[in-house]
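The values are calculated or read from the model by the stated rules, or taken from the named source; none is laboratory data. From a predicted model like this one, the values you see are computed outputs, not experimental measurements. Note that we place each Cβ from the backbone using ideal geometry, even for glycine, and neighbour counts take in every protein chain shown.
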Amino acid sequence: MKKFLLLVVLVAHTISAQIISKDNTFASNGIHSITGNIAWSKMIQSSNGSIYFTYAKNNPATGLSETILSKLNPDGTTDSSFGNTGVVTIVYYSNDSQMKVQPDGKLLLYCFDSDASTNYAIIIRILPNGQLDGTFGINGVVKIPDLNPDLDARGYGLVLQNNKIIIYGQRTIIPLQDSSGKICRLNENGSIDNTFGNNGYINNFSSFILVDIDSQSNLVCFGYNKIDTVNETYVGAIAKYNNNGQPLTNFGNNGVSNLAFNPGYIQSSILDSNNHIIFSKFDPNAAGSLNKINSDGTFDASFVTNFNSSFPFLIDVLSIVEKNGYYYLGGMSYEQNNGEYFISRLTQNGTQEPVFNHFIETDPNLKTVGDMIVNDNNIIANGSGYIVRYLLSTSTLSTKDITKITHDISFENPVKQNLIFSTKEKVSKIEIYSVDGKIVKTLKDNNTDLSELLKGNYLSKITFENGKTTVKKLIKK
């Protein structure tokens, strides 16, 4: 009996990690609209809750694409003290702009430019007030020649390494479609750090999709490697370097290990806190899939082998965030065919965490989550030209209501339309509570219609005629 009470209390508290609604105190009814965006938007959150985000728009005067950096206050309103009334316009273009914030609050942006003969990676450092940092490069701008995104505009990024800045992308060679991964490291002032790799560079890998720092301070790179130049055969590969860019000779072949599979079209990837690589890929037969590989490149046997079977609809995973031992996924579901925001939380073995389960947006304008911030009390999703803040429930049905435990009562769970239950004792009433502890329906009879309840998780408090009560989780489909 005590164990059952503990389980009920744990369910009541665990349910606090669920999306319950948009946060109407944020921006306009929980939604900030990004006007004129023509590319993917990225965002980061400062320690005080402010949000910096990037997007791209066309300049009608020049006909060229420009990168825009903007700042929101914690309540979602534009911070007009930042830049020019909340906006910094960068004359360089980006399709999926990468951004980092340094411990001192300075912002780093990754853009691109080109002239008649050379493509450039453009690294820009911006002060917390939105002004260019004149101590970095030339007037806040560093140009790195022959460093590009891959053809799918995914394989590039920024990594902070103490007071150094690691930049990665692709070095295009002939023919155009044949590229090699390229990493360089900048000093704090933006100059090339010649103590890193080979005179500041690493370029012995076909294509980097992910570069990050593991728990031993080594660089871990994940992507593709060409193993057959005649037949253009690629496989997945992992490369490892020490903190100064020298290959770890005890890993693979001089620091590079070709994997036994081709990971396909990688959409999102992270290096988790246990040095596992989690990556999603596009699967034309199943929309999207998720995989977990160990630090040696082998598949994690404890991770689900058929991830897509966890969902009754097709999904694409475009954002992966690790927090408190869980993997949060953001992307798009095809439950309603046209695409809608999709957010889920997974355990370490890749199964859906049963309380959070998954969330599907009903607003037809909110189609794809491309970036995500996970906080203890909310989730901020960015995609389709909007930034949306969702509340996670923080209150539950009071545990003082769980005073007496009686014999079990079984539900047909999940409930599609009618609540059907079975018990040996007579039921006085059943109160159904939302995840924020508010009562949404009271019923007395078996087989009662619950079609008016929205899809999601609820708590039901059952009161029997003998005065005893029990609490059960209820899922509405």
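What do you reckon, is Ile387 among the aliphatic types (A, V, I, L, M), under 23 Å from Tyr327 (Cα atoms) and either modelled with pLDDT of 85 or more or surrounded by 12 or more Cβ atoms within 10 Å (Cβ to Cβ) (or both)? When the stated conditions are applied, Ile387 passes them. Contact annotation: residue pairs with Cβ atoms under 6 Å, 6 or more positions apart or on different chains, pairing a residue in the stretch 51-69 that is of a type in the set (Phe, Trp, Tyr) with a partner that is in a strand (DSSP E or B) and buried (at least 18 other Cβ atoms within 10 Å of the Cβ), are Tyr52/Lys71; Phe53/Met43; Phe53/Ser70; Tyr55/Ile68.
Scanning the stretch 128-142 for residues that are farther than 21 Å from Gln161 by Cβ and surrounded by 19 or more Cβ atoms within 10 Å (Cβ to Cβ) returns a single hit, Gly130. Is there a residue being surrounded by fewer than 17 Cβ atoms within 10 Å (Cβ to Cβ) and aliphatic (A, V, I, L, M) anywhere in the stretch 455-472? Scanning the stretch 455-472, I find no residue that is surrounded by fewer than 17 Cβ atoms within 10 Å (Cβ to Cβ) and aliphatic (A, V, I, L, M), so the answer is no. State whether the residues of the stretch 300-317 include one that is over 20 Å from the mean Cα position of the chain (by Cα) and within 20 Å of Tyr265 (Cβ to Cβ). Yes, there is a match, as at least one residue in the stretch 300-317 is over 20 Å from the mean Cα position of the chain (by Cα) and within 20 Å of Tyr265 (Cβ to Cβ).
Residues in the stretch 116-168 that are of a type in the set (D, E, K, R), under 27 Å from Ser46 (Cβ atoms) and assigned to a loop (DSSP other than H, G, I, E, B): Asp133, Arg154. A search for C-beta distances below 9 Å between a residue of the stretch 21-33 that is over 19 Å from His358 (Cβ atoms) and any residue that is of a type in the set (A, V, I, L, M, F, W, C) and assigned to a loop (DSSP other than H, G, I, E, B), counting only pairs 6+ apart in sequence or on different chains, returns Ile31/Leu366; His32/Phe26; Ser33/Ala27.
Residues satisfying the criterion are absent from the stretch 282-289 (criterion: in a strand (DSSP E or B), buried (at least 21 other Cβ atoms within 10 Å of the Cβ) and at pLDDT 90 or above). Within the stretch 340-349, the only residue that satisfies the criterion of being more than 27 Å from Asn48 (Cα to Cα), free of Cβ contacts under 8 Å to residues at least 40 places away in the same chain and either surrounded by fewer than 20 Cβ atoms within 10 Å (Cβ to Cβ) or among the hydroxyl-bearing types (Ser, Thr, Tyr) (or both) is Thr347.
Any idea which residue in the stretch 350-384 is surrounded by the fewest Cβ atoms within 10 Å (Cβ to Cβ), counting only those that are β-branched (Val, Ile, Thr) and under 17 Å from Val317 (Cα atoms)? Before you say what the answer is, go through the steps one by one.
Filtering the stretch 350-384 down to residues β-branched (Val, Ile, Thr) leaves 351, 355, 360, 362, 368-369, 373-374, 379-380.
Still in the running and under 17 Å from Val317 (Cα atoms): 351, 360, 368-369, 373-374, 379-380.
Working: Thr351: 12, Ile360: 19, Thr368: 22, Val369: 27, Ile373: 20, Val374: 20, Ile379: 24, Ile380: 23.
The qualifying residue surrounded by the fewest Cβ atoms within 10 Å (Cβ to Cβ) is Thr351.
Would you check if there is a residue in the stretch 406-425 being surrounded by 16 or more Cβ atoms within 10 Å (Cβ to Cβ) and modelled with pLDDT under 65? Yes, because at least one residue in the stretch 406-425 is surrounded by 16 or more Cβ atoms within 10 Å (Cβ to Cβ) and modelled with pLDDT under 65. Screening the stretch 61-108 for residues that are surrounded by 17 or more Cβ atoms within 10 Å (Cβ to Cβ) and on the phi > 0 side of the Ramachandran plot and picking the one that is farthest from the chain's Cα centre (by Cα) gives Gly83. Report yes if Ser302 is of a type outside the set (Val, Ile, Thr), over 17 Å from Ile213 (Cα atoms) and in a loop (DSSP other than H, G, I, E, B), otherwise no. Answer is yes for this residue. For the stretch 307-323, does any single residue satisfy the condition of being at pLDDT 90 or above, more than 21 Å from Lys42 (Cβ to Cβ) and either in contact with an Asp or Glu (Cβ under 7 Å, 6 or more places away or on another chain) or surrounded by fewer than 18 Cβ atoms within 10 Å (Cβ to Cβ) (or both)? For the stretch 307-323, residues at pLDDT 90 or above, more than 21 Å from Lys42 (Cβ to Cβ) and either in contact with an Asp or Glu (Cβ under 7 Å, 6 or more places away or on another chain) or surrounded by fewer than 18 Cβ atoms within 10 Å (Cβ to Cβ) (or both): absent. Determine whether Asp113 is among the acidic types (Asp, Glu), part of a strand (DSSP E or B) and under 17 Å from Trp40 (Cα atoms). No: the conditions fail for Asp113. Just so you know, in the stretch 87-110 the residues that are closer than 17 Å to Lys42 by Cβ and in a loop (DSSP other than H, G, I, E, B) include one that is modelled with the highest pLDDT, and it is Lys106.
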